[in-house]
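A short worksheet on the structure shown next.
Every read-out reported here was derived from the displayed coordinates using simple, explicitly stated rules and does not represent laboratory data. Bear in mind the structure is a predicted one, so any value in this text is a computation, not a measurement. Glycine also receives a Cβ, built like all others from the backbone with ideal geometry; neighbour counts cover every protein chain displayed.
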Amino acid sequence: MTSPLQAFPAVATELLVQQGPSCWLFVVEAVAHARGKGTRYLRAVMNSYPSSDAVEEAMKVHPAPKPNRRTLALRLTEQNLDALVRKLLLWDAGPGGHHDRSLIDRTVVARYARDILGSTGSVDVLLPDPGRYEVPYVVAEYHQAHQRAVKLVQLAAQDTNEVAALLNTGWSEIGGGQAADDAHVALCEQSVPAYAGIRRRFKLRSTDLGDVLDCTGRAVDEMEPTVHAVLLQAYDPKTRVVSYKDPNYGNVEIRVSLTQFLAMAGDESVRLRPFFSDGAQKSRLADVLD
């Protein structure tokens, strides 16, 4: 076991800016991606996530019992990706495919993605270069993304908490009135990067610039209430400084003191959940990756 005086070394992470109310899924992906696992199709799913308004409208008309919003959002994502695949097949079978010999321009795919998925983010992931693509290739790529969305829906059904369903092993708790020294030991023993659900956070100021922001001098009272997910990136046991990233701001490293991090738990305990690709602690998320 790692000594309480020697925290796990920091791992390079890449956190994308979230689409819609998907902070949880963006953090989950970043934790897996940091471990060197392929998340290309999962990223396409993330960038197909519905807006908050779309989820709310679907929730209103959904019969009882109502599902969790995250679960419903995943179902909408799966349905929308399936609709996009069918739209591409119809284009290929119609005048467009016959005229262009089954070559579709990326701008056409982007238009369909914007109309059906609400974003062109998945196009940037799956078709990064401008130009024309063979329709069977585009269909196959979106089919792969759709299959990941189907799997996510299936996995989410295995637990009342979607994050727990995906990152199902190795969690630990921080906060909830915990003494600072006990939290220090727990963070030293925590595998990073890890998912962290928080109830309070600093919002960055317009003057906050750069890839690394030191917030250790800010008053805890500046934190605002939230229900949010962040990526725990590292903990320095010598300075007792926590480094994390917030999907609202993307790949910006934010540094806070141990006292501030404990305050981010609010009145609850925050469960920290890492990703394990194999072994006895293998996360279910591993079955969704490339």
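Note down the magnitude of the dipole of the chain about its Cα centre, charges +1 on Lys and Arg C-beta and -1 on Asp and Glu C-beta and zero elsewhere, to the nearest 20 debye.
360 debye
Tell me the relative contact order for the chain as a rounded percent, counting alpha carbon contacts under 8 Å between residues six or more apart. Can you show the working numbers first?
Values: 530 pairs, mean separation 79.8, N = 290.
The normalised contact order for the chain reaches 28 percent.
Can you tell me the orientation of helix 106-117 relative to the chain, as the angle in degrees between its alpha-carbon axis and the longest Cα principal axis, to the nearest 10?
Approximately 70 degrees, to the nearest ten.
Express the relative contact order of the stretch 109-203 as a whole percentage, based on alpha carbon pairs under 8 Å and six or more residues apart in sequence.
Working: 28 pairs, mean separation 10.0, N = 95.
It rounds to 11 percent for the stretch 109-203.
Using 10 Å bins from zero, what percent of all Cα-Cα pairs in the chain falls into each bin?
Going out from 0 Å in 10 Å bins, the chain shows 6, 27, 31, 22, 10, 3, 1 percent.
In whole angstrom, how far apart do the alpha carbon centroids of the stretch 218-290 and the stretch 57-92 sit?
Centre-to-centre distance over Cα atoms comes out at 29 Å.
Please state, as a whole number in µm²/s, the translational diffusion coefficient that the Stokes-Einstein equation yields for the stretch 38-192 at 37 °C and 0.692 mPa s, with Rh defined as the Kirkwood radius across alpha carbon pairs.
Numbers: Rh = 17.8 Å.
Once the numbers are plugged in, D ends up at 185 µm²/s.
Using a Förster distance of 51 Å, how high is the FRET efficiency between residue 90 and residue 169, based on the Cβ-Cβ distance and rounded to 0.05? Could you put the intermediate results ahead of the total?
Values: r = 43 Å, r/R0 = 0.84.
Here the calculated transfer efficiency is 0.75.
Roughly how many debye, to the nearest 20, is the charge dipole of the stretch 154-253 about its Cα centre, given +1 on each Lys and Arg Cβ, -1 on each Asp and Glu Cβ, and no other charges? Provide the component values of the computation, followed by the final result.
Working: 9 positive and 15 negative charges, 35 e Å.
Dipole of the stretch 154-253, to the nearest 20 debye: 160 debye.
Where Lys and Arg each count +1 and Asp and Glu each count -1, what net charge lies around residue 67 among other residues with Cβ under 11 Å from its Cβ? Mind showing how you got there, number by number?
On the way: positive: 66, 69, 70, 75; negative: 162.
The answer is +3.
If you wrap the stretch 121-276's Cα atoms in a convex hull and average its projection over all directions, what's the area in nm²?
Average of the hull's projected areas for the stretch 121-276 equals 11.9 nm².
How much net charge surrounds residue 203 when only other residues with a Cβ under 10 Å from its Cβ are counted (Lys, Arg +1; Asp, Glu -1)?
On the way: positive: 201, 205; negative: 208, 222, 224, 246.
So the environment of residue 203 carries a net charge of -2.
Taking the chain as the reference, fit the longest principal axis to its C-alpha atoms, fit the long axis of helix 52-61 to the helix C-alpha atoms, and give the angle between the two in degrees, 0 to 90, nearest 10.
With both axes taken from Cα atoms, the answer is about 70 degrees.
Quick one: which of 30-40, 169-179 comes out on top by average Cβ neighbours within 10 Å, and what's the full order, highest first? Walk me through the intermediate numbers first.
Working: 30-40: 19.7, 169-179: 15.3.
Ranking, from highest mean packing down: 30-40, 169-179.
Are there any trypsin sites (Lys or Arg not before Pro) in the stretch 86-141 that are in a DSSP loop and have at most 15 other Cβ atoms within 10 Å? List them by number. Could you put the intermediate results ahead of the total?
Details: sites: 86, 87, 101, 106, 111, 114, 132; in loops: 101.
In loop regions of the stretch 86-141 (DSSP not H, G, I, E or B), the sparsely surrounded trypsin sites (Lys or Arg not before Pro) are 101.
Any chance you could give the angle, 0 to 90 degrees and rounded to 10, that helix 23-33 forms with the longest Cα principal axis of the chain?
90 degrees
By average Cβ neighbour count within 10 Å, what is the ranking of 262-275, 116-129 from highest down? If you can, show how the numbers build up before the last one.
Working: 262-275: 20.4, 116-129: 18.6.
Highest to lowest by the protection proxy: 262-275, 116-129.
If each of residue 157 and residue 248 carries a label point 7 Å out from its Cα toward its Cβ, how far apart are those two points in nm?
3.5 nm
How much net charge surrounds residue 191 when only other residues with a Cβ under 11 Å from its Cβ are counted (Lys, Arg +1; Asp, Glu -1)? Mind dumping the intermediate values first?
Values: positive: 35, 273; negative: 189.
After counting each charged neighbour, the total is +1.
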